[in-house]
Amino acid sequence: MSELVEKGVINALFSGQIDPFSLLGMHLTSRGLEVRALLPDASEVQVIDARTGRQCARLDCLDERGFFAAAIPRRKNPFRYQLAVNWHDQQQVIEDAYRFGTLMQEVDGWLLAEGTHLRPYEKMGAHAETIDSVDGTRFTVWAPNARRVAVVGEFNYWDGRRHPMRFRSETGLWELFIPGAVPGQLYKFELIDAHGELKIKADPYAFEAQMRPQSASVICDLPPVVPISRQRQLANNFDRPVSIYEVHLGSWRRHTDNNFWLSYRELAEQLVPYAKYMGFTHLELLPINEHPFDGSWGYQPLGMYAPTRRFGTRDDFRDFIQVAHQAGLNVLLDWVPGHFPEDEFGLARFDGTELYEHNDPREGYHQDWNTLIYNVDRREVSNYLAGNALYWIERFGVDGLRVDAVASMIYRDYSRAEGDWVPNKYGGRENLEAIEFIRYTNRMLGQAAPGLMTVAEESTDYPGVTRPAENGGLGFWFKWNLGWMHDTLDYMRLDPVHRRYHHNLMTFAMLYHYSENFVLPLSHDEVVHGKGSILDRMPGDAWQKFANLRAYYGWMFGFPGKKLLFMGCEFAQGKEWNHDISLDWHLLDGDDGWHHGVQRLVRDLNHLYQQHSPLYQLDFDPAGFEWLVVDDSENSVFVFVRRDRAGNELIVASNFTPVPRYGYRFGVAQAGRWHEVLNTDSGYYQGSNLGNLAQVQTDEQGSHGRPYSLSLTLPPLATLWLVREAL
């Protein structure tokens with residue numbers, strides 16, 4: 001037996017107590033060159049000179065568990081070799097994984113440990129590579145407290161004895177290049193954790209994964225970079241029309257024969273042209289990261305770097321985004337950096353310790369969702385997440401991220417009782433570490449991918465969500481205006497006779513509108529958990545419900561701020577959203593009806609919105625908005641004007657009662673002829689068709705402190721848009 005390979009050393013190898021590279025492979029010893037190999041179930045092993053193909057030595061089996069070793073006679077200098085292995089009378093020539101040197105370059109390891117690696121996904125996970133003319137896959141995983149980590153997969157019979165990894169103690173990383181492991185094969189990491197327990201974990205950086213209930217990772221190439229076009233950059237600007245169609249891919253439409261999902265390719269053929277036809281400018285997808293539970297809608301992801309296989313492959317998803325771009329649609333992804341589920345194969349107690357999550361449940365456990373909270377104070381964790389944000393932008397061509405549940409990240413006492421949370425170092429409730437992570441991520445994305453959009457779902461009045469990080473803000477591009485959404489829906493659900501007492505619900509948003517860059521959202525959150533549909537919120541009989549909804553949409557698209565509608569809202573789906581079935585497309589079957597009218601209205605709203613710059617150009621500038629009638633609570637009438645930089649104007653007038661207002665007069669600053677470009681009461685939208693015969697002329701009669709005035713017919717439960725004729 002070799003003087004360097006005693007029984008105790010072999011035992012230490014199998015128990016994970018020594019670095020496998022210190023023992024396996026080719027080593028120069030006092031006896032000359034030795035080759036040692038770990039090949040469970042092999043019956044005979046020969047060393048082959050890779051240059052000449054000649055046999056150099058037969059390795060002795062020194063341990064029945066599959067440890068082979070021998071000195072190489074007449075050889076003093078290391079050389080490139082292969083192993084000819086007999087597996088039950090079948091011979092195979094293989095490359096030895098333990099003849100390759102270290103993989104992670106020092107600068108990359110340093111940046112990963114520091115948490116500032118811009119693209120950690122280029123170094124972590126599984127990457128098909130050719131090293132020393134040998135094809136294989138480089139595996140890297142972060143598990144600093146594990147005692148032993150091995151790669152298991154289809155290439156080694158899922159046998160954790162065969163490919164233990166090299167531990168880089170300076171970074172906490174484990175690495176191994178496995179010859180012959182190729183794209184398309186499944187793999188996981190087998191760990192002996194900090195407590196000596198055996199665990200099988202999916203790769204946190206996997207670029208593709210199996211669909212639930214299976215959970216293995218898939219070797220696949222890193223997708224190529226998608227250039228950011230100037231057109232896509234401009235479409236995200238503050239002074240451009242932004243109308244977002246929010247979609248859950250699993251329930252937008254399903255196959256009618258078996259209720260199965262549409263694939264990414266089918267969605268590219270059906271969803272993309274539909275959204276374009278309807279006039280939306282952006283698609284926003286509920287999280288598409290791989291996730292184990294359908295009922296989470298993707299908001300409890302575990303495969304942050306892997307698009308879900310529910311609808312096809314990773315490349316199918318890239319093609320879907322490309323088709324959207326070709327149609328002129330930008331694509332946003334919902335992104336969840338706040339928490340993750342506890343599934344055993346995932347991130348929870350990854351190496352036997354709370355590695356990705358906090359170890360104190362007062363900081364690390366989400367009581368509302370039964371999930372674990374990322375410990376972004378750990379540099380490796382914040383790097384994992386920030387790098388993931390850039391990954392979707394660069395490698396898929398995603399145009400922006402809507403960040404979920406920001407309030408739950410930035411407040412330590414979010415949804416927690418007194419004494420059930422840990423104050424920050426100053427004794428306050430702000431989560432300083434999460435705030436810094438958000439600022440860093442937004443700043444990094446702005447520098448690495450200028451023109452992309454980040455949108456915060458932030459439900460509190462935290463100041464400066466959309467202000468630059470260097471000015472004390474969080475650095476988001478936009479923020480969902482959840483206050484506007486709650487107030488206006490509360491108003492709309494009232495019987496019109498009571499609306500006069502709650503007039504301020506429709507005007508209050510303008511008191512704080514210029515504090516942030518707002519998106520006006522009617523999102524999926526408003527059509528679940530017993531809330532019913534948006535149509536359900538409207539009072540009255542069927543005619544009044546649809547009239548209320550049309551008037552509300554006309555108000556929303558005229559109001560300052562970018563727009564978002566959840567799927568189904570555009571044709572007034574009547575029941576609450578159910579993620580397990582398709583939208584109620586049958587409502588659009590048969591004769592023309594109320595649902596068709598709402599769908600036509602939303603299409604016209606989208607197209608008119610893009611055609612009239614006063615509706616979007618100065619969304620966040622006080623010069624772009626002025627109340628003309630703000631105090632007529634008795635009649636539940638509101639009138640305001642929108643302006644663009646050139647001074648062009650568009651008037652929005654809403655009557656939120658079922659009583660027509662004939663000869664309703666209000667003041668305007670300029671004389672001229674005004675054209676009625678939108679009337680939500682039009683017969684084309686299934687309304688009563690009351691209006692102003694397409695145009696009205698100002699009167700030289702002062703009103704509301706202005707020198708001229710308009711006298712309009714305001715239809716019942718309706719919104720009008722009027723544009724002044726150019727001189």
Review point. ASN237 versus THR130, label points 7 Å from Cα toward the beta carbon: distance in nm?
Key: 4.5 nm
Practice item. Provide the gained length on full extension for the span SER688 to ARG230, in nm with one decimal, where the gain is 0.36 nm per separating residue minus the Cα-Cα distance. Key: 160.5 nm
Check your understanding: R0 = 35 Å: FRET efficiency of TYR365 with MET211, Cβ-based, nearest 0.05?
Key -> 0.80
Review point. Working out 0.36 nm times the residue gap between ASN258 and GLN670, then minus their Cα-Cα distance, what length gain in nm do you get to one decimal?
Key: 142.3 nm
Check your understanding: Can you work out the FRET efficiency for the pair THR353 and SER15, with r the C-beta to C-beta distance and R0 = 22 Å, to the nearest 0.05?
Key -> 0.70
Check your understanding: For the chain, how many pairs of lysine residues have a Cα-Cα distance under 29 Å, where the two are 8 or more positions apart or belong to different chains?
Key -> 27
Check your understanding: Based only on the alpha carbon positions, what is the Kirkwood hydrodynamic radius of the chain, in angstrom?
Key -> 28.8 Å
Review point. Please state the relative contact order of the range 371-477 as a whole percent: Cα pairs under 8 Å, 6+ residues apart?
Key: 28 percent
Check your understanding: So, with +1 on the Cβ of K and R and -1 on the Cβ of D and E, and no other charges, what is the size of the charge dipole of the range 459-508 about its Cα centre, to the nearest 20 debye?
Key -> 120 debye
Practice item. Counting helices only, and only those DSSP H runs with n ≥ 4, report the 222 nm mean residue ellipticity of the chain as the sum of -39,500 (n - 2.57) divided by its residues, in deg cm²/dmol to the nearest 500. Key: -6000 deg cm²/dmol
**Study point:** Antiparallel %, DSSP beta bridges [both residues in the range 1-70], to 5
**Key:** 100 percent
Revision key, fill the gap. Ordered by number, the trypsin sites (Lys or Arg not before Pro) in the range 631-665 that occupy a DSSP loop and have at most 13 other Cβ atoms within 10 Å are ARG645
Point to revise | Label-point gap, in nm, between GLU725 and GLU122 - each point 7 angstrom along Cα→Cβ | key: 6.1 nm
Point to revise | Contact order normalised by residue count of the range 192-342, Cα under 8 Å, 6+ apart, percent | key: 26 percent
**Study point:** Segment GLU197-VAL677, length gained on full extension (0.36 nm per residue, minus Cα span)
**Key:** 165.8 nm
Exercise for review: Would you tally the net charge around GLU363, using a Cβ to Cβ cut-off of less than 14 Å, leaving GLU363 out, and scoring K and R as +1, D and E as -1?
Suggested key: -2
Review point. Counting pairs of alpha carbon atoms under 8 Å apart in space and at least six apart in sequence, what relative contact order in percent does the chain give?
Key: 8 percent
Practice item. Express the accessible area of the chain per residue in Å², computed with a 1.4 Å probe while the remaining protein chains stay in the model. Key: 38 Å²
Practice item. Go through 213-219, 586-592, 155-161 and give me the packing order, highest mean Cβ count within 10 Å leading. Key: 213-219, 155-161, 586-592
Check your understanding: If each of ASP221 and ALA417 carries a label point 7 Å out from its Cα toward its Cβ, how far apart are those two points in nm?
Key -> 5.6 nm
Check your understanding: What FRET efficiency would be calculated for the residue pair ASP315, TYR514, taking the C-beta separation as r and a Förster radius of 51 Å, to the nearest 0.05?
Key -> 0.70
Review point. What net charge do the residues around VAL602 carry, taking every other residue with its C-beta under 12 Å from that of VAL602, with Lys and Arg at +1 and Asp and Glu at -1?
Key: +2
Revision key, fill the gap. Output ordering of 46-56, 338-348, 478-488 (per-residue mean of other Cβ within 10 Å, highest first) is 478-488, 338-348, 46-56
**Study point:** Selection from LEU191, GLN210, GLY180 lying farthest towards where the dipole of the range 152-257 points positive, charges on Cβ
**Key:** GLN210
Review point. Taking the mean number of other Cβ atoms within 10 Å as a proxy for protection, how do you rank 246-253, 294-301, 366-373, 84-91 from highest to lowest?
Key: 246-253, 294-301, 366-373, 84-91
Practice item. Give, as a single signed number, the net charge of other residues whose beta carbon lies under 14 Å from the beta carbon of GLN697, with Lys and Arg counted +1 and Asp and Glu -1. Key: -1
Practice item. Place a +1 charge on the Cβ of each Lys and Arg in the range 182-252 and a -1 charge on the Cβ of each Asp and Glu, then give the dipole magnitude about the Cα centre in debye, rounded to the nearest 20. Key: 260 debye
Exercise for review: Starting from the amide H of TYR365, placed 1.01 Å from N in the peptide plane, find each other amide H under 5 Å away whose residue is 5 or more places distant or on another chain.
Suggested key: ILE373
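The values are calculated or read from the model by the stated rules, or taken from the named source; none is laboratory data. Only a predicted model underlies this, so the values are computations on that prediction, with no experimental measurement involved. Reconstructed Cβ throughout: ideal geometry from the backbone, glycine too, with neighbour counts over all protein chains shown. Ligands, DNA and RNA are excluded from the accessible area calculation, which covers all protein heavy atoms including side chains. Shrake-Rupley method; radii C 1.70, N 1.55, O 1.52, S 1.80 Å.
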